[in-house]
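**Student:** I have a structure here, written as structure tokens, and I will follow up with some questions on it.
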């Protein structure tokens, strides 16, 4: 029997420049809007959301396709959790979110620099990649 192992890597970005911070914030804002857009379908079926929203989401949000898929998955998780734990009279309201990058969105590379021995390259949308120490 094969099991999937998930790993969460948390790190501190070492002095990102203003343009990289701006790119990350722009992507976070688009991702947040995309998750809310998927939630507006009010469906916890990934198949339904993929059939009825994936191609439209690619055109509307201009994000990396892996981010579109993780946003869909995150919306499904949020909706299922709300249905399970929410009170009957409560309304789903999303205030903040974190981006879920899967293995298709990033890569690590080793450098010879002592201060920053590893760099993280992240693909944010169809055209933009940023590298962070």
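**Student:** Could you please give the count of residues in the range 76-112 that are in contact (Cβ under 8 Å) with a residue 40 or more places away in the chain, over 21 Å from residue 45 (Cβ atoms) and surrounded by 13 or more Cβ atoms within 10 Å (Cβ to Cβ)?
**Tutor:** 3
**Student:** Another question, if that's okay. Could you give me the residue pairs with C-beta distances under 7 Å whose first residue belongs to the range 7-26 and is surrounded by fewer than 10 Cβ atoms within 10 Å (Cβ to Cβ), whose second residue is not in a loop (DSSP other than H, G, I, E, B) wherever it lies, and which are 6+ apart or on separate chains?
**Tutor:** Listed pairs, sorted by first residue: none to list.
**Student:** In this structure, is residue 131 under 24 Å from residue 5 (Cα atoms), touching a strand residue (DSSP E or B) at 6+ places or on another chain (Cβ under 9 Å) and surrounded by 10 or more Cβ atoms within 10 Å (Cβ to Cβ)? It would help to see each step written out before you state the result.
**Tutor:** Values: under 24 Å from residue 5 (Cα atoms): no; touching a strand residue (DSSP E or B) at 6+ places or on another chain (Cβ under 9 Å): yes; surrounded by 10 or more Cβ atoms within 10 Å (Cβ to Cβ): yes.
No.
**Student:** Okay, moving on. Could you tell me whether any residue of the range 78-91 is at pLDDT below 95, under 24 Å from residue 122 (Cβ atoms), touching a helix residue (DSSP H, G or I) at 6+ places or on another chain (Cβ under 9 Å) and not in a loop (DSSP other than H, G, I, E, B)?
**Tutor:** There is at least one residue in the range 78-91 that is at pLDDT below 95, under 24 Å from residue 122 (Cβ atoms), touching a helix residue (DSSP H, G or I) at 6+ places or on another chain (Cβ under 9 Å) and not in a loop (DSSP other than H, G, I, E, B).
**Student:** So, one more: Scan the range 117-128 for residues that are under 24 Å from residue 26 (Cβ atoms) and exposed (fewer than 15 other Cβ atoms within 10 Å of the Cβ) and jot them down.
**Tutor:** Taking the range 117-128 first, the residues under 24 Å from residue 26 (Cβ atoms) are 119-128.
Of everything in the range 117-128, those that are under 24 Å from residue 26 (Cβ atoms) and exposed (fewer than 15 other Cβ atoms within 10 Å of the Cβ) turn out to be 121, 126, 127, 128.
**Student:** Can you tell me which residue is modelled with the lowest pLDDT among those in the range 36-69 that are within 14 Å of residue 101 (Cα to Cα) and surrounded by 20 or more Cβ atoms within 10 Å (Cβ to Cβ)?
**Tutor:** Here the residue is 64.
The values are calculated or read from the model by the stated rules, or taken from the named source; none is laboratory data. Keep in mind that what you see is a predicted model, and the values were worked out from it rather than measured. Heads up, the Cβs are rebuilt from the backbone with ideal geometry, glycines too, and the neighbour counts pull from every protein chain shown.
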